[in-house]
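K.L.:
Following this message is one structure expressed as structure tokens.
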Amino acid sequence: MIDASLRRRVIERASNRYEYCRLSQEHELFGTFHIEHIIAKQHGGEDGEGNLCLACSSCNLHKGPNVAGIDPGSGDLVALFHPRNHRWGEHFEWRGALLAPKTPTASATILVLGINLPENVEHRESLIAEGVFP
Ligand SMILES: [Zn+2]
């Protein structure tokens, strides 16, 4: 169970930024942030800090219980990006409002989580135009 203090620690550790798509909480489009189980409980994931991250509702809902995806380049099954074990900057980079993958893990994560879906790209374009993103 995730109590209020654990929830607060996860949010503070993320500095109010979503750990997949890097939006700030204040720029959330729909609803509110989610405390995400990186490895879903269904796969034995626990409620400890090492398995939790801060995610936006779009990333969270698309990810669901997935822990892996298909790298579109090779067709291989690869593990999704793990915000605690992987460094964001080694896997992803911004090309304008598009999130560009540097690794097969990143390619699969962008697809499964819908990070470059048109509504998300348009949202980031407007934030870039306002000068508040990335
Ligand atoms: Zn997100």
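K.L.:
Under 8 Å between Cβ atoms, at least 6 apart or on separate chains: pull out the pairs that start in region 113-132 with a residue that is touching a residue at least 12 places away in the same chain (Cβ under 8 Å) and within 20 Å of residue 80 (Cα to Cα) and end on any residue that is in a helix (DSSP H, G or I) and of a type in the set (Val, Ile, Thr).
P.N.:
115/109; 116/110
K.L.:
Can you tell me how many residues within region 32-53 are touching a Ser or Thr at 6+ places or on another chain (Cβ under 9 Å) and either within 12 Å of the ligand (Cβ to nearest atom) or of a type in the set (Phe, Trp, Tyr) (or both)? First the steps, then the outcome.
P.N.:
Our first condition is that a residue be touching a Ser or Thr at 6+ places or on another chain (Cβ under 9 Å); within region 32-53, this holds for 32-34.
This time we only want the ones that are either within 12 Å of the ligand (Cβ to nearest atom) or of a type in the set (Phe, Trp, Tyr) (or both), so: 33-34.
The number of residues fulfilling the criteria is 2.
K.L.:
Report, by residue number, each residue of region 51-61 that is more than 14 Å from residue 23 (Cβ to Cβ) and in contact (Cβ under 8 Å) with a residue 40 or more places away in the chain.
P.N.:
Matches in region 51-61: 52 only.
K.L.:
Just give me the residues in region 76-134 being of a type in the set (A, V, I, L, M) and crowded, with 17+ Cβ neighbours inside 10 Å, in sequence order. If you could, list the steps in order and put the result at the bottom.
P.N.:
Of region 76-134, the ones of a type in the set (A, V, I, L, M) are 77-80, 97-100, 106, 108, 110-113, 115, 117, 121, 127-129, 132.
If the condition is that a residue be of a type in the set (A, V, I, L, M) and crowded, with 17+ Cβ neighbours inside 10 Å, then 78, 80, 97, 99, 106, 108, 110, 111, 112, 113, 115 are the ones that fit.
K.L.:
Out of the residues in region 78-97 that are touching a residue at least 24 places away in the same chain (Cβ under 8 Å) and not aromatic (Phe, Trp, Tyr), which is nearest to the ligand (Cβ to nearest atom)?
P.N.:
Filtering first and then ranking leaves 83.
K.L.:
Okay, next question. Restricting attention to region 100-134, and to residues there that are of a type in the set (A, V, I, L, M, F, W, C) and over 17 Å from residue 27 (Cα atoms), which single residue is nearest to the ligand (Cβ to nearest atom)? Working first, answer last.
P.N.:
Of all residues in region 100-134, those of a type in the set (A, V, I, L, M, F, W, C) come to 100, 106, 108, 110-113, 115, 117, 121, 127-129, 132-133.
Retained after the next criterion (residues that are over 17 Å from residue 27 (Cα atoms)): 100, 106, 108, 110-113.
On the way: 100: 16, 106: 14, 108: 15, 110: 11, 111: 14, 112: 12, 113: 7 Å.
Only one residue tops the list, namely 113.
All of the numbers you see were taken from the coordinates with simple rules; none came from a lab. None of the values given here were measured: they were computed from a predicted structure. Note that each Cβ is placed from the backbone with ideal geometry, even for glycine, and that neighbours are counted across all protein chains shown.
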